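Nothing in this text is a laboratory measurement; each read-out follows from the coordinates by a stated rule. Keep in mind that this is a model prediction, so the values were computed, not measured. Every residue, glycine as well, gets a Cβ built from its backbone with ideal geometry; the counts of neighbours run over all protein chains shown.
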Amino acid sequence: MPADASSLILPALDQLRERPEIGPGEVPGLLERLAQVPDPRNPRGVRHALAVVLALTACAVLAGATSLLAVGEWIADAPPFVLDRLGVRPDPVLPRQLVPAEATVRQLLARVDGDALDRAVGG
């Protein structure tokens with residue numbers, strides 16, 4: 001039986017605790033790495049950059065989300081400064097930022113090339 005995906009969350013948090021010198025300057029590095037992952041979507045009609053969706057998902061998991069529903073809820077409630085830092089676009093009409101819905105995250109994660117994602121963040 002494969003390991004539960006949430007079993008990787010605690011080791012990831014331990015690694016972050018061991019490296020307190022890592023600051024906000026590391027986030028652009030993560031975004032640059034995630035931008036290397038090929039986007040499986042047709043570029044027409046894309047509202048959210050793949051790197052932004054992946055970064056939001058990673059933040060949600062590191063914050064304790066253990067399901068895609070919880071990831072979607074975390075993204076919907078993420079503080080504006082986090083959304084700014086991750087490159088979430090502003091809504092063209094309303095005074096807020098456009099965040100991906102849980103269904104968008106779920107569908108996109110199902111289509112992303114897992115090997116490409118591993119290569120991008122693995123080193």
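Inter-label distance, residue 32 to residue 115: 2.6 nm, where each label sits 7 Å from its Cα along the C-beta direction.
Amide H contacts under 5 Å for residue 97: 91, restricted to partners 5 or more places along the chain or on a different chain, H placed in the peptide plane at 1.01 Å from N. Determine the relative contact order of the stretch 27-86: mean sequence separation of Cα pairs under 8 Å and six or more apart, normalised by residue count, in whole percent. Relative contact order for the stretch 27-86 comes out at 38 percent. Among the trypsin sites (Lys or Arg not before Pro) within the stretch 74-121, those in coil by DSSP and having at most 15 neighbouring Cβ atoms inside 10 Å are 96. Using 0.36 nm per residue and subtracting the Cα-Cα separation, the extra length available between residue 81 and residue 69 on full extension is 2.1 nm.
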